[in-house]
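The values are calculated or read from the model by the stated rules, or taken from the named source; none is laboratory data. These numbers come from a predicted model, not from an experiment. No Cβ is skipped: glycine too gets one built from the backbone with ideal geometry, and neighbour counts run over all protein chains shown.
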Amino acid sequence: MGIVFENVHDLDLRETLDCGQCFRWKEQTDGSFAGVVRGKAARVSMDGDRLIIDGADEADRSLWHDYFDLGLDYSEVKRELSAIHPTLAEAARYAPGIRILDQEPFEALISFIISQNNNIKRITGIVERLCVNFGEPIIGTNGDASRIRYAFSTVERLAALSPDDLAPIRAGFRHRYIIDAARKVADGTVVLESLRTLPYDEARAALMQITGVGVKVADCVLLYGLHRLDGFPLDVWMKRAMAVLFPGLEPKAFGRYAGIAQQYIFHYSRTHQDLFL
């Protein structure tokens, strides 16, 4: 069982799945990645320009097509961004295989609440413990009947818990933020799908009704969970990168694909740290 997408360009799985926009993929010894998307477990790999989704059902082709943003011509995006600034053109050439994933919004919300003052390894561990303790098991995935993986916890499951119930995931002060987020989504205070089309500032403000969600987390959720490609999350590192590489330039200068530009800049910056000495 599996799905193959032909003629896939501008996709590097390591650059895309290990850049800090998602936390449920693990690289395997053969270079493939095993993970779970919207309750579907699979192993993904590239063979030339073929994207192979092992363990996926053909009925879910559109899910995987959208997840990897295969409907967007990233070559054209790079051309558009490269015309804006020569340094952005260099960054785009340096990491040509990064794509913005179209993740499940609630998973992105909780994941980026967990990401606050954290590193990727620890975020990944907390997210995994959250799924193991509060998600539904997915049995016999990726052709291995002995392997159990877990779907991301549902809104309803988390909304029924208290912060103390989250002790097994070891996320510290973030426990109460996670529960507040789940409850506000469950009771309709925050309607995540509506944020796809709201004016950007209104969508950000809606997310910031959740305890512990500031501008940066809200921007991450909008970009990575709601595919708002004009979003541009700014953490301390990105603020420094903007000041050094693009002095006097605001993120809005990068236009409708600012979020893709952000990923190129972030990747370029963290692999060229000598620029910031």
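Numbers at a glance
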quantity	calculated
Count of the range 243-267 residues which are exposed (fewer than 15 other Cβ atoms within 10 Å of the Cβ), closer than 15 Å to residue 230 by Cα and among the aliphatic types (A, V, I, L, M)	1
Residues of the range 207-233 classified as touching a helix residue (DSSP H, G or I) at 6+ places or on another chain (Cβ under 6 Å) and either of a type in the set (S, T, N, Q) or farther than 18 Å from residue 111 by Cβ (or both), total	4
Odd one out for residue 117 among (1) modelled with pLDDT under 95; (2) over 20 Å from the mean Cα position of the chain (by Cα)	(2)
Residue in the range 224-232 that is surrounded by fewer than 20 Cβ atoms within 10 Å (Cβ to Cβ) and farther than 29 Å from residue 87 by Cα present	no
Candidates 37, 77, 44 - the one that is farther than 30 Å from residue 246 by Cα, in contact (Cβ under 8 Å) with a residue 40 or more places away in the chain, among the β-branched types (Val, Ile, Thr) and surrounded by 17 or more Cβ atoms within 10 Å (Cβ to Cβ)	37
Residue match in the range 101-113 (condition: buried (at least 19 other Cβ atoms within 10 Å of the Cβ), touching a residue at least 12 places away in the same chain (Cβ under 8 Å) and farther than 26 Å from residue 196 by Cα)	no
